[in-house]
Each structure stands twice: as C-alpha cells, then as structure tokens.
1. Report ³J(HN,Hα) in whole Hz for each residue of segment 315-322, in order, from the Karplus equation J = 6.51 cos²θ - 1.76 cosθ + 1.60 where θ = phi - 60°; Gly and Pro get x.
2. Tell me the volume per residue, in Å³, of the convex hull enclosing the alpha carbons of the chain.
3. Taking a 1.4 Å probe, which of R130, R254 shows the most accessible area, and what order do the others take after it?
4. Under a crude label model (7 Å from the Cα following the beta-carbon direction), how far is K224 from D32 in nanometres?
5. Kindly write out, for segment 29-43 in residue order, the coupling ³J(HN,Hα) from the Karplus curve 6.51 cos²θ - 1.76 cosθ + 1.60 (θ = phi - 60°), rounded to whole Hz, with x marking Gly and Pro.
6. Out of T156, H245, N189, whose Cα points farthest toward the positive end of the dipole of segment 101-248 (charges: +1 Lys, Arg; -1 Asp, Glu; placed on Cβ)?
7. What is the set of long-range amide H partners of Y231 at a cut-off below 5 Å, with H atoms built 1.01 Å from backbone N?
8. Give the residue list of GluC sites (Glu not before Pro) in segment 279-379 that are DSSP loop and have at most 10 other beta-carbon atoms within 10 angstrom.
Amino acid sequence: MAGRSGVKPLEGDRFAELPVQIAAPAAVDPGDVLPRPLARKLDRSAQFALIAAREAWADAGYTAPAGEDETIVPERLGTVIASGIGGVTTLLDQYDVLKEKGVRRVSPHTVPMLMPNGPSANVGLEVNARAGVHTPVSACASGAEAIGYAVEMIRTGRADVVVAGGTEAAIHPLPIAAFANMMAMSKNNDAPTKASRPYDTARDGFVLGEGAGVVVLESEEHAKARGAKIYCEVLGQGLSADSHHIAQPEPTGRGIAAAMQNLLDSTDLKPSEVVHLNAHATSTPQGDVAEIKALRQILGDDLDHVAISATKSMTGHLLGGAGGIETVATVLALHHRTAPPTINVDELDPAIEADIVLGEPRPLPQGTIAAINNSFGFGGHNVVLAFRTV
C-alpha cells in the first residue's frame, strides 16, 4: 500500500557478469525466522511456504496442528502449495558442492529439498494434513491454480479446510541468465526501483521476486461453526490454455478471455459486481496489452469501473508464488476496501484502455463487491480467481 519497490541490486561476484543484476528479494530472510536445524533441511522455497503457512494458520484462529486443535481433524484437512520451479537453488548449489568438494559432501537432504512438492509436503507435516497434499505446477499460474484446486477439494467434499498458495525462490544466476537471454527481464540495472513498470511505455520486462503467499480456505459451514474470522468468499475459478506458444503470450488475449468467460459461466458473478482486479501485468510489452484486451472483450463497458492494480510493480514477479501473494493482496483489498497502487507508470501505454490505479491507493465502493486475480504462465496456462465480500 505504501507504493514502495522491493527491487534491489544483486550483490556478489556470481551476479557481476549477468546482463540482469537486479531482483526483489524477500524483505526478511527466512533463515532469520526459522530455527537453523530446520532451515538447513528446507529449500528456500519451502522455508517461505512454511513461514507463510504458519502465519495464515495462526491468523485463521487455529492454535495447533489438526487433531491437537479439536476444531479440525487431520482427515478433513489438506494442503495445496504450488511452485513453478521448485528447489532450483538447492539443485544448483548441491551440484556445485558435488563438483568442488566431492560426493560425500552432497547433503542427504538434497532430494526432499529439491522436489517441487517439498513445500506442500512440509506444510502438510506442519499442520497434520491427511486429506491430501498437492502441488500443481503450471509456471507462473501455479499459485493461483493451487488455490482453485483447494476450492474444488472443499466443494467436492474431500476436505473442510485447505491451506493453499504458492511459493518461489529462484534468485540465482542460472535462472536469471536464462530469462535474460529470452529477453523477458528488465535490464534497467541503473534504476532498480523503477525497473518493474507495468503498463508504462518504457517497460522492458519483468523483475524476478521471491517469497510466498498462503491462505486458509474453509467451507462456510465449518468456518461459522468454529467462529472463524472470514475475510471474503471465494466464488470460483476460470481455467483455459492458449495453445499458442511455450513462452510467448497469445497476442489477442484469446485464452485469457476464455478463462474469464469460464469463470462467469461457472459462478454467479456478474461483471457489474467486479470493482477491483489484481492483474498479472508482469511488465512485458506484449503480455500487459493482451491481458487488457481480454478483459475488455469479456467485461465490455463494465471494465471502466474496475480499479486495476499491478502489484508486481513493487514485489517483482514471484513466478509460481505470484498467484499466492497476489491472492492475499486481492483478498485484503476487498477486506479493507482499498485497491493498492501501481507504481512506476510515468507514461501510460495508450494501448492500455483501462482504469489503472496509479501512484496512490484507491478506496473501493461500499456494499457487496467482487474482485478478480489473474495469473498466467509459460505453456499458455490461464487461471482467473474471483472473490466477493461477505
């Protein structure tokens, strides 16, 4: 809400030769929060997920793992924590250990640490979840898909409560070099805090971020029975695939529009109810425009009263964690009836025909209102989540 960028220069020799030397590291290092013996057994992505899950679990009013807290039994509790890449830093760092120090120095925890399902599994162990522990992997749509999957777990009767979200920790020379060579990342090394600039005419790619966003989803009956604090209602999700290119966005927004239409067809959401949208808006020239085209195609004139926020302008792009942290932002925007700002837009791209929340937070209307969170990923994955005040 403060409109402050988390993007910084990357320090250290291993980043010195990269064309991109900026990223948005987490404000608090997870190793400073978790006990050292535990942290050493977890990839950084799992560390973030565990900390976020603990915070969400406590905020939901649970005082202990399922079973010990008698308001939830283990067999009715699940976790769905996604990651787009998984334990990439563990994999790469342990390969360096193998080459430089030999076989015997490779950590015996390497495989559990590098598994993409490691974060979900560790959160499941933390809360004693036995209804299912899942990890959807759909690139930058992973976190949003996890939340949608969790909703379906509850609606189909598999669980009463699901801890869900996304996590990522990929600030490492190899992923950065690869993204940079794809021409996907901003190279504005001289002005880190201005580098992530969705919708600006000078945008030149995304900035890599890290962290996790986790929510506790619960059936209405179960939540009310235990007197839970309820932020909002999850209306549902819309899904589609572009079938266009492994990395490039479909320029007309066809797949995004299909996901939006799927959301409207599968819920009772009316376009006129939507007053806020947390956009995918990564700060790439093609992707930002395609998303707005799709919104206009489905929402029509109703798009004119939707306050659109691009929070990646501050957090950077968390890849598989984006849908998790941006769901948190969307839910809190509804709860506090305030849309967060989009920063670094010095000159709005004329192709962005929509109401962008620029520079400062904006109040949202009173009454029953709804908000949408968009997440899209390499491979053509499109996930649209909708939320409504209660």
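The values are calculated or read from the model by the stated rules, or taken from the named source; none is laboratory data. Remember, it's a predicted structure, so these values are computed and weren't measured experimentally. Heads up, the Cβs are rebuilt from the backbone with ideal geometry, glycines too, and the neighbour counts pull from every protein chain shown. To get the accessible areas, we keep the full protein, side chains included, count just its heavy atoms, and leave off ligands, DNA and RNA. Shrake-Rupley method; radii C 1.70, N 1.55, O 1.52, S 1.80 Å.
1. 8, x, 9, 8, 6, x, x, 4
2. Value for the chain: 132 Å³ per residue.
3. R130, R254
4. The answer from the label model is 4.4 nm.
5. The phi angles translate into 6, x, x, 8, 9, 8, x, 4, x, 6, 4, 5, 9, 10, 4 Hz.
6. About the Cα centre, the residue reaching furthest to the positive side is N189.
7. Long-range HN contacts for Y231: none found.
8. Qualifying residues, ordered by number: E347.
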